[in-house]
Each structure stands twice: as C-alpha cells, then as structure tokens.
Amino acid sequence: MDKQSEKKRAKLSELKNKLLRGEHVQNRQLKTWLGDDAFEQMEDDWKSQQSIRDDLASPPAEIIEYKKRLQKLTLTYSRAERLSQRKSASAEKMYHQSDDEAEKLIEFLHEILQTDLGLQIWFDRSADEDDSGLTPDSLPQVITSRSRFNQGGGLAMAKQSKQEVKIATIDRAIDDIDELDSPGPTVSEVAANSARLRAILKRQE
C-alpha cells in the first residue's frame, strides 16, 4: 500500500471511529476523504432511507386492517388467559373465540399476500413460518408494531440512521483500498495452481 492510500485509510478509519462514538463529522470532511463518487453514493443512499421512512409512515390499507384484526385477537386471547388463570368456566369459550379470530386472520393474511406479494415486506416474518400456532405471538407482526412479539425484519431491516449510512459508506471505501492493496491471483498463477493440483490428484490415482 502506498503512502497516499495509507493516509487515506487512516483518515477514513478515524472518521469512522468518530461516528461510532456519536461525534459529528462534517460532510466537507467526508467528501474530501471519500471522493466525489463515493460521497454522491452516500447522499443517494440517504435519499433512499428517507423514502423508506415515508413508506413506513404510510402503510397500505391492507396492513392497517391486518394490524387492527391482530390487536383484536390479542385482546381476546388475553381475556382467555385471564379467565383461565381464575379457573373460570368461560375460559374455554373465550379460547375458542380466539382460535376462530386467529384462523380468520390467517386466511385474510394469505388473501392479501396472494393479491400483492409485495406486502410481505410489512411483516416481521414469513406468513408460512408459524401457521401451526393460533396465538398472537405465533402470527406475523406488522413491522411498525410496538408489540413485544415483533421480531423485526421486512422493510424495517433496511432502515438506517444517517450515521449508519455514513459508516457503511466509509466501510466500502476502506474495503476498496484494501482490495487494491491485496489483488487476487493473476491468470498465470491460477493456471499454475491448477496444474499443481492436477499433478497431485494424478499421483493419488
């Protein structure tokens, strides 16, 4: 690695460490050490993040309806649990009602996904992962839900803070420097290695 690359790598690492510590790094500094192309890519990445935030703030009508039905199911199941703990005779009836709501919700979920498979990004897990269960925790959760059963995933996984976007851009720039410093084998080296391997295998026959 030449001195210029070493200096650039060291400076990028320094800027990354500042960001990891939660310190502010000016765009002017980033542009200087990343270069114009990488800096423009970083800005494009942040615009994509803003678009993701806009999408998350405006879920489709089908997702709003699913979330409403899941909340109703959660309340029904909670009532059944409380009645069961009190050894109430009404517990079994409430559990049956909960199961019925869950089955209808699963049917609704499959219907909306068959109509628009792209809606899957709004759920924290695959719609087919936990169909064996009828309790609220076994069903896919909407990614914007504050439910303790929310496993994350879907569109929410792509969400990054501005700091995370900057760090990811710096990481790519450092990787590019390291890749230039450690190029892969040449064509002749690959051919020589292949010949040696064939020779070894031939001796083992």
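Brief remarks on what is shown
- Just one of the listed residues (ASP54, ASP36, ASP44) is within 28 Å of GLN114 (Cβ to Cβ), surrounded by fewer than 13 Cβ atoms within 10 Å (Cβ to Cβ) and not β-branched (Val, Ile, Thr), namely ASP54.
- Filter pass, ILE106 being closer than 27 Å to SER58 by Cα and either touching a helix residue (DSSP H, G or I) at 6+ places or on another chain (Cβ under 9 Å) or surrounded by fewer than 14 Cβ atoms within 10 Å (Cβ to Cβ) (or both): no
- LEU70 being surrounded by 14 or more Cβ atoms within 10 Å (Cβ to Cβ) and assigned to a helix (DSSP H, G or I): yes
- Failed item in (1) buried (at least 17 other Cβ atoms within 10 Å of the Cβ); (2) touching a residue at least 24 places away in the same chain (Cβ under 8 Å), with ASP99 passing the rest: (1)
- Only residues that are in a helix (DSSP H, G or I), touching a residue at least 40 places away in the same chain (Cβ under 8 Å) and closer than 30 Å to GLU107 by Cβ were counted in the range 44-67, giving 8.
- Of all residues in the range 1-32, those that are assigned to a helix (DSSP H, G or I) and free of Cβ contacts under 8 Å to residues at least 40 places away in the same chain total 14.
- The condition of being within 30 Å of ARG9 (Cβ to Cβ), of a type in the set (Val, Ile, Thr) and either surrounded by 13 or more Cβ atoms within 10 Å (Cβ to Cβ) or modelled with pLDDT under 65 (or both) holds for VAL187.
- For the range 76-133, the tally of residues that are assigned to a helix (DSSP H, G or I) and in contact with a His (Cβ under 9 Å, 6 or more places away or on another chain) stands at 1.
The values are calculated or read from the model by the stated rules, or taken from the named source; none is laboratory data. Keep in mind that what you see is a predicted model, and the values were worked out from it rather than measured. We place every Cβ from the backbone using ideal geometry, glycine too, and count neighbours over all the protein chains shown.
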